[in-house]
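Remarks on the structure that follows.
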Amino acid sequence: MKLLIKNITQLVTCSGFAAKKGQEMANLGIIEDGAVAIEDGIITDVGTTAEVMGRLNTYYPEIDARGKALLPGFVDSHTHFVFGGYRQEEFSWRLRGDSYMSIMERGGGIVHTMKATRESNFEQLYETARSRLDEFLAMGVTTVEGKSGYGLDLETEIRQLEVMASLRMKHPIGIVSTYLGAHALPPEFVGRPDAYIDFLIAEALPHIQPEWGVDFCDVFCEKGVFSLEQSERLLLAARQYGLKLKLHADEIVPLGGAELAARLQATSADHLLYASDEGIRQMAAKEVVATLLPLTAFSLKEPYARGREMIDAGCAVALASDLNPGSCFSSSIPMLIAIACIYMKLSPEEVITALTINGAAALDRADTIGSIDVGKQADMILLQYPSYKFLPYHFGMNIVDTVIKKGEILKK
Ligand code: NIG
Ligand code: FE
């Protein structure tokens, strides 16, 4: 299967095979009047149309992309897309002034979704998750991360992971799975967080990988949820089982999650609304991807993470949706882009890097996805407009015209 995309008014390559840090994030590797050749789902040539056409020695089916920009597919590196039920009442309570944590403390929040997820069978979870993946794809997301964490018992956590494993085979979007058994304390362990961590280490971790293709272990490291010590204990054990590390860090209060992520050399630390200056410095030094989730801050009416300072301090910043039924029931990439540019003071270039190559790096996949480079998977999107600058400018609108995944045209 061959494909040639030619006469691309603006080819945004985001070229690179590792996270882009600091000032590097502004470099998008743009080629004007570009072309990309694809064979069997892999990018085989990139350059100007004249260069690539000159090097072709056989017939290729063509797409003419005059008047359009071509970008790498977006990589949404932090979501919770497999869950049962909804929490629309909690959203109304929050509008009236209740805090996310106060709802969690009175038995709502994650435990509410846990109950609904435990009551959902495989088919129900599969169907709702599948339709959410269709929405991601339509907005140009070609790889998505998904977490367990709404079972909090072995059986339901495994059901969530099985749903993701099955969708990985059947849905065109790329799926990376994360085990988030330490998302909240289940009712069976109330008042005994250390015993729950012991249970996860002894009973859960040995079964997680590789049967369900899980790459990462994550933890909600937060005051009133899991402490720094408990998080560290779990993550160190997870590493022994071949899992890479992520943390929900410094989301609600400044706890030192960013510093812990740096000390453990986690792949990413996520949220970071209250990350300290020292935490930011250490993440930059230890090359932990700082994954920011502006839709969650928006939904919780919290101040946005200090993305500008993080980039200026030399961090690699990624942006992700955090789609989940509680703190952020939205996966709107157009809205995310608008908030990051208008309120977080990231430039449009930095935002594109954060959603492509740095998203890939947050999933330890920067060698295979996240940019338009020879040898990478052919995951890309064509915009209705001739420049990436229309993404924040035509704010809140989905301007993705064509989605190509592994060389196949999925949306047109
Ligand atoms: O990333 N903070 C913890 N986890 C999710 C929220 C999950 C939920 O409320 O259901 C988050 O915001
Ligand atoms: Fe999350």
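Among the residues examined, Glu135 does not qualify as in a helix (DSSP H, G or I) and either buried (at least 24 other Cβ atoms within 10 Å of the Cβ) or modelled with pLDDT under 95 (or both).
One line per residue, one yes/no per condition, for (1) part of a strand (DSSP E or B); (2) within 18 Å of Gln230 (Cβ to Cβ); (3) over 17 Å from the mean Cα position of the chain (by Cα); (4) at pLDDT below 95:
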site	(1), (2), (3), (4)
Glu162	no, no, yes, no
Met169	no, no, yes, no
Ile175	yes, no, no, no
Ala184	no, yes, yes, no
Ala195	no, yes, yes, no
Leu200	no, yes, yes, no
Ala204	no, yes, yes, no
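Of the residues Ala182, Ala195, the single one that is closer than 20 Å to Arg239 by Cβ and of a type in the set (Gly, Ala, Ser) is Ala182. Step by step: first the residues of segment 309-320, then only those that are more than 10 Å from ligand 1 (Cβ to nearest atom) and assigned to a loop (DSSP other than H, G, I, E, B), then the one that is nearest to the chain's Cα centre (by Cα). Which residue is that? Filtering first and then ranking leaves Ala316. Test Glu51 against the stated conditions and say whether it is among the acidic types (Asp, Glu) and either touching a residue at least 60 places away in the same chain (Cβ under 8 Å) or surrounded by 16 or more Cβ atoms within 10 Å (Cβ to Cβ) (or both). So Glu51 fails the test.
Considering Ala340, Ala361, the condition of being in a helix (DSSP H, G or I) and open to solvent by less than 10 Å² (accessible area, probe 1.4 Å) is satisfied by Ala340 alone. Pairs meeting the criteria (first residue in segment 196-221 and more than 16 Å from ligand 1 (Cβ to nearest atom), second residue among the aromatic types (Phe, Trp, Tyr) and assigned to a strand (DSSP E or B), beta carbons under 8 Å, at least 6 apart or on different chains) are Ile197/Phe226; Ala204/Tyr179; Leu205/Tyr179; Ile208/Tyr179; Gln209/Tyr179; Val214/Tyr179. The residues of segment 137-167 that are within 16 Å of ligand 2 (Cβ to nearest atom), out of contact with any helix residue (DSSP H, G or I) (no Cβ under 6 Å at 6 or more places or on another chain) and over 17 Å from Leu363 (Cα atoms), listed by number, are Gly149, Glu157, Gln160.
Every residue, every condition in (1) more than 16 Å from ligand 1 (Cβ to nearest atom); (2) out of contact with any Leu (no Cβ under 8 Å at 6 or more places or on another chain), yes or no:
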site: Lys147; (1), (2): no, no
site: Glu157; (1), (2): no, yes
site: Phe189; (1), (2): yes, yes
site: Lys223; (1), (2): no, no
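The residue that is nearest to the chain's Cα centre (by Cα), counting only those in segment 343-358 that are hydroxyl-bearing (Ser, Thr, Tyr) and open to solvent by less than 10 Å² (accessible area, probe 1.4 Å), is Thr356. Considering segment 63-93, and only residues there that are more than 24 Å from Lys147 (Cα to Cα) and part of a helix (DSSP H, G or I), the residue that is most open to solvent (accessible area, probe 1.4 Å) turns out to be Trp93. Are any residues in segment 285-315 open to solvent by less than 10 Å² (accessible area, probe 1.4 Å) and more than 15 Å from ligand 2 (Cβ to nearest atom), and if so, which ones? If the condition is that a residue be open to solvent by less than 10 Å² (accessible area, probe 1.4 Å) and more than 15 Å from ligand 2 (Cβ to nearest atom), then Val288, Gly307, Met310, Ile311, Cys315 are the ones that fit. Of Leu292, Leu300, all but one fail to be of a type outside the set (Gly, Ala, Ser), in contact with a strand residue (DSSP E or B) (Cβ under 6 Å, 6 or more places away or on another chain) and within 16 Å of ligand 1 (Cβ to nearest atom); the exception is Leu292.
The values are calculated or read from the model by the stated rules, or taken from the named source; none is laboratory data. None of the values given here were measured: they were computed from a predicted structure. Ideal geometry is used to build each Cβ from the backbone, glycine not excepted, and the neighbour counts take in all protein chains shown. Only protein heavy atoms, including side chains, enter the accessible area calculation; ligands, DNA and RNA are left aside. Shrake-Rupley method; radii C 1.70, N 1.55, O 1.52, S 1.80 Å.
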